[in-house]
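Data first, discussion second: the structure below is written as structure tokens.
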2 protein chains.
Amino acid sequence: PDKGAGAAARARQAVLTKPPGSLGRLEWLAEWLAEWQRRPVPRLERVLVLVFAGNHGITRRGVSAFPASVTAQMVANFAAGGAAINQLCAAAGAELRVTALDLDAPTADFTEAPAMTEAEFLAAVATGYGAVSADIDLLCVGEMGIGNTTTAAALAAALFGGDGEHWAGRGTGVDDAGLARKRATVDAGLARHAAALSDPLAAAAALGGRELAAILGAVLAARHAGVPVLLDGFVSTAAAAPLARLAPGGLDHAVIAHASAEAGHRKLAAALGKEPLLDLGMRLGEASGAAAAVPILRAAVACHAGMATFAEAGVDGKE
Amino acid sequence: PDKGAGAAARARQAVLTKPPGSLGRLEWLAEWLAEWQRRPVPRLERVLVLVFAGNHGITRRGVSAFPASVTAQMVANFAAGGAAINQLCAAAGAELRVTALDLDAPTADFTEAPAMTEAEFLAAVATGYGAVSADIDLLCVGEMGIGNTTTAAALAAALFGGDGEHWAGRGTGVDDAGLARKRATVDAGLARHAAALSDPLAAAAALGGRELAAILGAVLAARHAGVPVLLDGFVSTAAAAPLARLAPGGLDHAVIAHASAEAGHRKLAAALGKEPLLDLGMRLGEASGAAAAVPILRAAVACHAGMATFAEAGVDGKE
């Protein structure tokens, strides 16, 4: 980060024609974007939304209200422009790219084996890493993968403690029996891989999700390229969370866009010390919460770049 | 409202390619817009932001951190395009119209006399009423007026009970002494006009704010024209609140866009039974919170209008 660019942005906010602090988080967002984009007046000309899709061996354990076939069907829906994220990207002026990761080869059932081999994990991370270039101004990450709220719950538990009861929620809408199966699946996975879970990357490989690994790679690439990140909901946040466990401040370049209605997300945000920007009761994934928050960042940048100062406008300051 | 249009919108939401309810308040917003626009698929082609400005006799009591001269200076800043609301309207694709109401003739100090005569009050209401036509798809209302958080606190107290301590906050940033003066001013106004305050419109005239009266008129006109409304912060919400006291459901066509950091706003929202859409720590007024929320409504409409149904996309439903 460029602390100088952040300080310059902060100094500019102090002289714009408004009571100091009265734009609230819009002021902070302008400063945060300045610091990570390394320019005192940040811009949002190129906003990229990356959605990664993967399939999960644990779906055979009845952890989702929808069949695993829906992952591929929704990828087709993304391609045809019919999903929520297509409309939200168009509304936000963002470019959407969807990457399906070996949908025909689901990860292994993590209650029985590591979800991915090291090679499979690194390949998925590399796919995400390679999808980010330094010429974008903001990255939004999201996912599609039937069963992946169970994966995310297991990973969150591995990284921050707690069990299936603490982290698993109803996802796309399972009933009480389904929720009990999700919790049991998480607990079985934690028990099966207990010896590996103290290493955040080993935990991500063992509990899996190729789409989660790709998100981790993309968020890491953004860090190296000076690209600020909007995380989507529970799954995306869990996917990126190993970076915060690997190094203090490892997710300082990322903001959580929306507090998902999925039960574990607020707990995970709190564990990461992050306050989501929006709270609209959404729980869809697909980067939908991230895309919905893009206009908030545009508003912050528009005010920062376009407002007159007290001196320019001839407006009296505080008495 | 057209309950049939709302029901049609609700039925469409149920078959779009997402788990039911997973777009949270975006689904509700699409249905609300449909109901008040009286069409199953709402639109946001023409979004109008009205900002009304007024001056307040109570400023002589030291209730603001800024001199009263700033009201006119900020109106000039709006005209020159240098204020936050100019940038926010441009970012939101909204049309901005600013109306200054007799800035050279502040209202009377309400601790000594009614802020406005009946004729003055009705003239301000009529100005706001006349600013709204049926050809707009969404109305945002906001205000500018040094001293008007004290006015709003007094009006909120008159409508919902409580005193200056309960309703007055730091506004643009008064110190402890200034806050004490605000509270005392509210209490003096409530005592001075106690006999009139059981009538919501009489309270609005006695405690005043020409810009508050104009907002009341605009929100009333929107109701008659079938135009949904986004209320801005504490002052705008207080300005419209008499309509909720005059008739149950009198503000059902209005949503509070943003929970202001000004202390009284959450209490006022709760008294009106409304949950603000955004919570970004803003406390600027000028319709800034309303304009910031316009893209959220655009996102809701984009999803509602553009998404494929399960049948259209060939996506399997719940198991």
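When you scan segment B:284-293, do you find a residue that is within 24 Å of B:HIS166 (Cβ to Cβ) and part of a loop (DSSP other than H, G, I, E, B), even just one?
Looking for residues that are within 24 Å of B:HIS166 (Cβ to Cβ) and part of a loop (DSSP other than H, G, I, E, B), one finds at least one in segment B:284-293, hence yes.
I need the full set of residues from segment A:81-129 which are away from every other protein chain (no Cβ under 14 Å), surrounded by 17 or more Cβ atoms within 10 Å (Cβ to Cβ) and either charged (D, E, K, R) or part of a helix (DSSP H, G or I) (or both), in order please.
Of everything in segment A:81-129, those that are away from every other protein chain (no Cβ under 14 Å), surrounded by 17 or more Cβ atoms within 10 Å (Cβ to Cβ) and either charged (D, E, K, R) or part of a helix (DSSP H, G or I) (or both) turn out to be A:ASP109, A:GLU120, A:PHE121, A:ALA123, A:ALA124, A:VAL125, A:THR127, A:GLY128, A:TYR129.
Working only within segment B:297-309, note down all residues that are assigned to a helix (DSSP H, G or I) and either over 30 Å from A:ALA79 (Cβ atoms) or within 7 Å of chain A (Cβ to nearest Cβ) (or both).
B:ARG298, B:ALA299, B:ALA302, B:CYS303, B:GLY306
Hey, B:CYS140 hits all of (1) more than 14 Å from chain A (Cβ to nearest Cβ); (2) not in a helix (DSSP H, G or I) but one; which does it fall short on?
(1)
The conditions are (1) over 13 Å from the mean Cα position of the chain (by Cα); (2) farther than 28 Å from A:LEU103 by Cβ, and A:LEU207 fails exactly one of them. Which is it?
Result: A:LEU207 passes all but (2).
Consider B:GLY281 against the criteria (1) more than 8 Å from chain A (Cβ to nearest Cβ); (2) without any contact (Cβ under 8 Å) to a residue 40 or more places away in the chain: it satisfies all of them except one. Which criterion is unmet?
Checking B:GLY281 against (1) more than 8 Å from chain A (Cβ to nearest Cβ); (2) without any contact (Cβ under 8 Å) to a residue 40 or more places away in the chain, the one that fails is (1).
If I ask for residues that are within 14 Å of chain A (Cβ to nearest Cβ), part of a strand (DSSP E or B) and surrounded by fewer than 24 Cβ atoms within 10 Å (Cβ to Cβ), which ones from segment B:17-58 would you list?
B:VAL47, the sole residue that qualifies.
Listed residues A:ASP135, A:ASP104; which is at pLDDT 95 or above, over 29 Å from A:ALA205 (Cβ atoms) and among the charged types (D, E, K, R)?
Criteria check complete, one pass: A:ASP135.
Just for segment A:70-80: of the residues that are facing chain B (nearest Cβ under 8 Å) and touching a residue at least 12 places away in the same chain (Cβ under 8 Å), which one is nearest to the chain's Cα centre (by Cα)?
My answer is A:MET74.
Of (1) more than 19 Å from A:ALA124 (Cβ to Cβ); (2) surrounded by 23 or more Cβ atoms within 10 Å (Cβ to Cβ), A:ALA194 satisfies all except one. Which?
(2)
Identify all residues within segment B:310-319 that are more than 7 Å from chain A (Cβ to nearest Cβ) and without any contact (Cβ under 8 Å) to a residue 12 or more places away in the chain; write none if there are none.
Once the filter is applied, which keeps residues that are more than 7 Å from chain A (Cβ to nearest Cβ) and without any contact (Cβ under 8 Å) to a residue 12 or more places away in the chain, segment B:310-319 yields only B:GLY317.
Please find, within segment A:172-187, the residue that is nearest to A:ALA270 (Cα to Cα) out of those that are touching a Phe, Trp or Tyr at 6+ places or on another chain (Cβ under 9 Å) and buried (at least 21 other Cβ atoms within 10 Å of the Cβ).
My answer is A:VAL186.
Being within 14 Å of A:ALA302 (Cα to Cα) and assigned to a helix (DSSP H, G or I) is the filter here, so list the residues in segment A:3-16 that pass it.
A:ALA9, A:ARG12, A:GLN13
Give the residues of segment B:281-317 that are of a type in the set (S, T, N, Q) and buried (at least 19 other Cβ atoms within 10 Å of the Cβ), sorted by residue number.
Correct list: B:SER288 only.
Being in contact with a helix residue (DSSP H, G or I) (Cβ under 6 Å, 6 or more places away or on another chain), surrounded by fewer than 24 Cβ atoms within 10 Å (Cβ to Cβ) and closer than 24 Å to A:ARG97 by Cβ is true for just one of A:LEU272, A:LEU230, A:LEU246, A:LEU278. Which residue is that?
None of the others qualify; the one that does is A:LEU278.
Suppose we filter segment B:59-69 for residues that are facing chain A (nearest Cβ under 7 Å), of a type in the set (Ser, Thr, Tyr) and crowded, with 16+ Cβ neighbours inside 10 Å; how many remain?
Total meeting the criteria: 0.
I'd like to check something: does segment A:249-266 contain any residue that is over 22 Å from A:ALA92 (Cβ atoms) and part of a helix (DSSP H, G or I)?
Taking every residue of segment A:249-266 in turn, at least one turns out to be over 22 Å from A:ALA92 (Cβ atoms) and part of a helix (DSSP H, G or I).
The values are calculated or read from the model by the stated rules, or taken from the named source; none is laboratory data. Nothing here was measured: the structure is a model prediction, and the numbers come from that model. Please note: Cβ atoms are built from the backbone with ideal geometry, for glycine as well, and neighbour counts cover all protein chains shown.
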